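S.K.: Sharing a structure here in structure tokens format.
The values are calculated or read from the model by the stated rules, or taken from the named source; none is laboratory data. Quick caveat: nothing in here was measured; it's all calculated off a predicted structure. Positions of Cβ are backbone-derived with ideal geometry, glycine not excepted, and every protein chain shown enters the neighbour counts. What goes into the accessible areas is simple: the full protein's heavy atoms, side chains included, and nothing from ligands, DNA or RNA. Shrake-Rupley method; radii C 1.70, N 1.55, O 1.52, S 1.80 Å.
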Amino acid sequence: MFDGLDRVPWPDLHYAYSGRVDVPALFRALMSQDDALGAADELLNELYHQGGFVGSAAVAAMPFLVEAAESAQVACRAEVLEIVGRLARTARKVAPRWIAEAWTQTVARLLVLLDDDDRHVRRVASSVLEEAVDQADEVVDALRARWDAQDDLTRLDQILVIGSLARSLTAATLPETLIWLRDLTRRRDEQVVFAATLALAKALPGRPAELGPIVTGLSGDVTAWAGSEHAVGTPAGMVQWAATRLGDDFDAREEICVAMLAHPDPGRRRGAVKAAADLLSVSRRPRRLLPALREHSADSDLETRTHVLHLLAAHARPGGGDADLFAEHLHDQDVADVAVWGLAWSGDERCLPELTERIGAGRPGYSLSSAHTGKSVYMYSPPSLQQVLAPCASWAPALLPAVLQRLHPNTDADLGRTLLQTLKAWGPSAAPAVPRIIELLYGPLRHWAADTLGAIGPDAASAGPALRALLDDPQAGLDHAYARRSAAVAVPWAYWRVTGDPEPALHTLGSQLGGEWHTATHRLADLGGHAVGHVPTLRLLARSHETWTAVEAAHALIRITGDVDEGVRVLMRPVRDLLDGTAMPVVRACVRYLAELDDLPAGHLAAIEAVLAVDHRLSWDGGWAAIHDDQELRAVLQTIADKSSRRG
């Protein structure tokens, strides 16, 4: 068995993880009852890890993986097949040419496994064959020919595989396959009907899904799906999975969420809220979903109640209509942190006692660092303390005593950074804190303190002497590389902001243009016409292929020269990309910079209006930020459009 395994130069190949493994030994360990699962896990880690690419080691391992899956001597055949499936799925997305030859041979061998005595192996083989889009006719014919002989769960999974492959079928096979799926929707077994309805929705994208059979299936006995290679066999998991499987049919997804929110089973309601979160993080199209969620803000199920409030808080904005709802939960210990966050972002001062307590108590209830997550899974982490407090500048007089109680030279670095970033966001409203911030210029938080003083501006003029004393060596006494690099920019910039003397900033920032970080360019923009001598360098940087470099240079050019044409096209590129669903982090800066302009050319206004008309979320991050950042971006874009329309 494994003939030729030792002739492969495994140490010379590229792995998904460390590569410091004995691959032949791992394959042979698959035949040990005691070691098989551990060896399979190690092979998965080394050949796949987190996916995203296919290394040469994975290509070389493919025939041996299939051989292991075929052999009765291997104790974990299904788990080995799952490795094959993950590699094939990744290869189809990123680099099909790398495994094309090996995959063609693999498909033929997987088809044989459809007749294996082990039902789990048959089921996993069927799932892996979902990736065989180039051999779709052959695979679908084989699955249909064997379908009646399978166990109930394998039949359900195979229906889904056939639905996924239908879009790759030729005219010779597609019509009879669609008829077969349609006939399944007339069966008496509600789970078969449910699966066939989902399969048809996948096979015929753009055609509205039949919601009745889906809702009936989700409301029925979903234990039939326990152990599925596709679905999650719990009520909550089934609802979320089924809704997500409908992809871009947002109307159908919304209807499923609304229907399941009304279900008496708390598990299905939990799944409905999770499905709603998945939907709301990618689209603002749903209109019935938020009212339906509000009806469950006091749900008897704690998880449902918490997640509903989280979604409503993510939508909160000044003057929003959910303030009273959040206030009702201020003293519900299980959800109070979410309620305080929602009230703070609603601009409702009923949050102040709770916010003050969280700042001063040593247990803020929120992380001191912001988390950035993708949109594949909605994470229910709340914003960081700084993100909750940032919009609260109008309440600075009430909150500053608590902030200053915690902010001092001996403050923990993470808490000190968080509080200084909060004061920076409050700008001039944080002026009463200037004496305390000056004290922090002499310690490891110098760069954050200087940034904050600069944001406060002329109201922090009393910090001028302390900043002047640091100009000769802003990095003195700082050990951390990031702190040293940041202080070198922050101190002279802050000195300019609080005193109006541009010379130190011009000297320091100009010498750092084009560096790895864009802070110097960003700060130079504040100097306006004083920095005119740096315009030639900035024009070169504005042509950079590195987006942040180009955007910051373009913004600086406009601020320094007063000529919109110097950089508006660069600023608009990431905005236009929003039309294609590409929302890079830099677009938030672009929109803020565009909002500063008094005269936006008409062609760019048309692009902004087109962006405002799209339904997909204009955000990079997932979780609450997918919703909040989209709303914030749209609000600024709408302000730009309204301002330009009035002028026109």
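S.K.: Out of (1) surrounded by 15 or more Cβ atoms within 10 Å (Cβ to Cβ); (2) of a type in the set (G, A, S); (3) closer than 25 Å to A142 by Cβ, the odd one out for A57 is which?
M.R.: So the condition that A57 fails would be (3).
S.K.: Something else: Please indicate, with yes or no, whether at least one residue in segment 22-33 is more than 21 Å from L129 (Cα to Cα) and among the acidic types (D, E).
M.R.: First, the residues of segment 22-33 that are more than 21 Å from L129 (Cα to Cα): 22-33.
Narrowing further to those that are among the acidic types (D, E): 22.
Yes, because at least one residue in segment 22-33 is more than 21 Å from L129 (Cα to Cα) and among the acidic types (D, E).
S.K.: Looking for something closer than 18 Å to A252 by Cβ, without any contact (Cβ under 8 Å) to a residue 12 or more places away in the chain and either of a type outside the set (D, E) or surrounded by fewer than 20 Cβ atoms within 10 Å (Cβ to Cβ) (or both) - is there at least one such residue anywhere in segment 178-194?
M.R.: no
S.K.: Still on this structure, please answer the following. Do we find a residue being touching a residue at least 60 places away in the same chain (Cβ under 8 Å) and under 25 Å from E70 (Cα atoms) anywhere in segment 138-152?
M.R.: Filtering segment 138-152 for residues touching a residue at least 60 places away in the same chain (Cβ under 8 Å) gives 152.
The next check asks that each one be under 25 Å from E70 (Cα atoms); those that pass are 152.
Yes, that holds for at least one residue.
S.K.: Looking only at residues that are touching a Lys or Arg at 6+ places or on another chain (Cβ under 7 Å) and surrounded by 18 or more Cβ atoms within 10 Å (Cβ to Cβ) in segment 405-439, which one is nearest to L385 (Cα to Cα)?
M.R.: Once the filter is applied, the top-ranked residue is L419.
S.K.: Select from segment 283-295 the residues that are in contact with a Phe, Trp or Tyr (Cβ under 8 Å, 6 or more places away or on another chain) and assigned to a loop (DSSP other than H, G, I, E, B) and write down the one among them that is most open to solvent (accessible area, probe 1.4 Å).
M.R.: R285
S.K.: Just need a number here: residues in segment 444-473 that are open to solvent by less than 20 Å² (accessible area, probe 1.4 Å) and in a loop (DSSP other than H, G, I, E, B).
M.R.: Count: 1.
S.K.: Whether any residue in segment 383-397 is over 26 Å from the mean Cα position of the chain (by Cα) and buried (at least 18 other Cβ atoms within 10 Å of the Cβ) is what I want to check.
M.R.: If we filter segment 383-397 for residues that are over 26 Å from the mean Cα position of the chain (by Cα), which is where we start, we get 393-397.
Now drop any that are not buried (at least 18 other Cβ atoms within 10 Å of the Cβ), which leaves 395-396.
Looking through segment 383-397, at least one residue is over 26 Å from the mean Cα position of the chain (by Cα) and buried (at least 18 other Cβ atoms within 10 Å of the Cβ).
S.K.: A follow-up question, please. Just one of the numbered conditions (1) under 27 Å from E138 (Cα atoms); (2) open to solvent by less than 60 Å² (accessible area, probe 1.4 Å); (3) modelled with pLDDT under 95 is not true of V94; which one?
M.R.: (2)
S.K.: Would you check which residues across segment 561-588 are surrounded by 20 or more Cβ atoms within 10 Å (Cβ to Cβ), β-branched (V, I, T), more than 23 Å from the chain's Cα centre (by Cα) and over 22 Å from E516 (Cβ atoms) and list them?
M.R.: Once the filter is applied, which keeps residues that are surrounded by 20 or more Cβ atoms within 10 Å (Cβ to Cβ), β-branched (V, I, T), more than 23 Å from the chain's Cα centre (by Cα) and over 22 Å from E516 (Cβ atoms), segment 561-588 yields only V568.
S.K.: Additional query: Identify, from the list A625, A641, the residue that is farther than 15 Å from R576 by Cα, in a helix (DSSP H, G or I) and touching a residue at least 24 places away in the same chain (Cβ under 8 Å).
M.R.: Details: A641 fails: farther than 15 Å from R576 by Cα.
A625 is the lone residue from the list that is farther than 15 Å from R576 by Cα, in a helix (DSSP H, G or I) and touching a residue at least 24 places away in the same chain (Cβ under 8 Å).
S.K.: Take segment 486-503 and flag every residue that is surrounded by fewer than 20 Cβ atoms within 10 Å (Cβ to Cβ) and outside any loop (DSSP other than H, G, I, E, B).
M.R.: T499, E503
S.K.: For segment 512-594, give me every one of the helices (runs of 4 or more DSSP H) that falls completely inside it and has 3 or more residues that are closer than 24 Å to R484 by Cα and touching a residue at least 24 places away in the same chain (Cβ under 8 Å).
M.R.: On the way: elements: 519-524, 535-541, 547-561, 568-577.
Of the helices (runs of 4 or more DSSP H) lying wholly inside segment 512-594, those with at least 3 residues that are closer than 24 Å to R484 by Cα and touching a residue at least 24 places away in the same chain (Cβ under 8 Å) span 519-524, 547-561.
S.K.: Residues D580, D526, D501: which one is modelled with pLDDT under 95, of a type in the set (D, E) and on the phi < 0 side of the Ramachandran plot? Outline the logic, then answer.
M.R.: Details: D526 fails: modelled with pLDDT under 95; D501 fails: modelled with pLDDT under 95.
Matching residue, one of D580, D526, D501: D580.
S.K.: So, in segment 16-47, of the ones that are touching a residue at least 40 places away in the same chain (Cβ under 8 Å) and in a helix (DSSP H, G or I), which residue ends up surrounded by the fewest Cβ atoms within 10 Å (Cβ to Cβ)? Reasoning before the result, please.
M.R.: Of all residues in segment 16-47, those touching a residue at least 40 places away in the same chain (Cβ under 8 Å) come to 16, 27, 30-33, 36-37, 40, 43-44, 47.
Within this subset, residues satisfying the condition of being in a helix (DSSP H, G or I) are 27, 36-37, 40, 43-44, 47.
On the way: F27: 22, A36: 20, L37: 15, A40: 26, L43: 25, L44: 18, L47: 27.
The extreme case among them is L37.
S.K.: What single numbered condition from (1) open to solvent by less than 10 Å² (accessible area, probe 1.4 Å); (2) assigned to a loop (DSSP other than H, G, I, E, B) fails to hold for A276?
M.R.: (2)
S.K.: Of the conditions (1) under 30 Å from F64 (Cβ atoms); (2) outside any helix (DSSP H, G or I), D134 satisfies every one except a single condition; which number is it?
M.R.: (2) is the only condition that D134 fails.
S.K.: On the given criteria, is Q386 part of a loop (DSSP other than H, G, I, E, B) and either touching a Leu at 6+ places or on another chain (Cβ under 8 Å) or over 19 Å from L280 (Cβ atoms) (or both)? Spell out the reasoning first.
M.R.: Numbers: part of a loop (DSSP other than H, G, I, E, B): no; either touching a Leu at 6+ places or on another chain (Cβ under 8 Å) or over 19 Å from L280 (Cβ atoms) (or both): yes.
For Q386, the condition - part of a loop (DSSP other than H, G, I, E, B) and either touching a Leu at 6+ places or on another chain (Cβ under 8 Å) or over 19 Å from L280 (Cβ atoms) (or both) - is not met.
S.K.: Then there is this: For segment 316-337, which positions are open to solvent by less than 20 Å² (accessible area, probe 1.4 Å) and within 22 Å of E632 (Cα to Cα)?
M.R.: A316, D322, A323, F326
S.K.: For a quick check of your reading of the model, give me the residue pairs whose first member lies in segment 87-99 and is over 14 Å from E130 (Cα atoms), whose second is assigned to a helix (DSSP H, G or I) and at pLDDT 70 or above, with beta-carbon atoms closer than 6 Å and at least 6 apart or on different chains.
M.R.: Pairs that qualify, where the first residue is over 14 Å from E130 (Cα atoms) and the partner is assigned to a helix (DSSP H, G or I) and at pLDDT 70 or above, are W98/V59; I99/V59; I99/A91.
S.K.: For segment 552-585, which positions are of a type outside the set (G, A, S) and under 20 Å from D621 (Cα atoms)? I'd like the intermediate steps shown before the answer.
M.R.: Of the residues in segment 552-585, the ones of a type outside the set (G, A, S) are 552, 555, 557-561, 563-566, 568-580, 582, 584-585.
Of everything in segment 552-585, those that are of a type outside the set (G, A, S) and under 20 Å from D621 (Cα atoms) turn out to be R573, P574, V575, R576, D577, L578, L579, D580, T582, M584, P585.
S.K.: While we're looking at this one, here's another question. Mind telling me which of the residues D265, D248 ends up being on the phi < 0 side of the Ramachandran plot, under 23 Å from the mean Cα position of the chain (by Cα) and of a type in the set (D, E, K, R)?
M.R.: On the way: D265 fails: under 23 Å from the mean Cα position of the chain (by Cα).
D248 is the lone residue from the list that is on the phi < 0 side of the Ramachandran plot, under 23 Å from the mean Cα position of the chain (by Cα) and of a type in the set (D, E, K, R).
S.K.: Exactly one of these conditions fails for L311: (1) under 21 Å from G622 (Cβ atoms); (2) open to solvent by less than 20 Å² (accessible area, probe 1.4 Å); (3) outside any helix (DSSP H, G or I). Give me its number.
M.R.: Looking at each condition in turn, L311 falls short on (3).
S.K.: Let me ask something additional. Of the residues L594, L513, L541, L618, which is of a type outside the set (D, E), at pLDDT below 95, within 29 Å of H372 (Cβ to Cβ) and buried (at least 19 other Cβ atoms within 10 Å of the Cβ)?
M.R.: Details: L594 fails: at pLDDT below 95; L541 fails: at pLDDT below 95; L618 fails: at pLDDT below 95.
Checking each option against the conditions leaves just L513.
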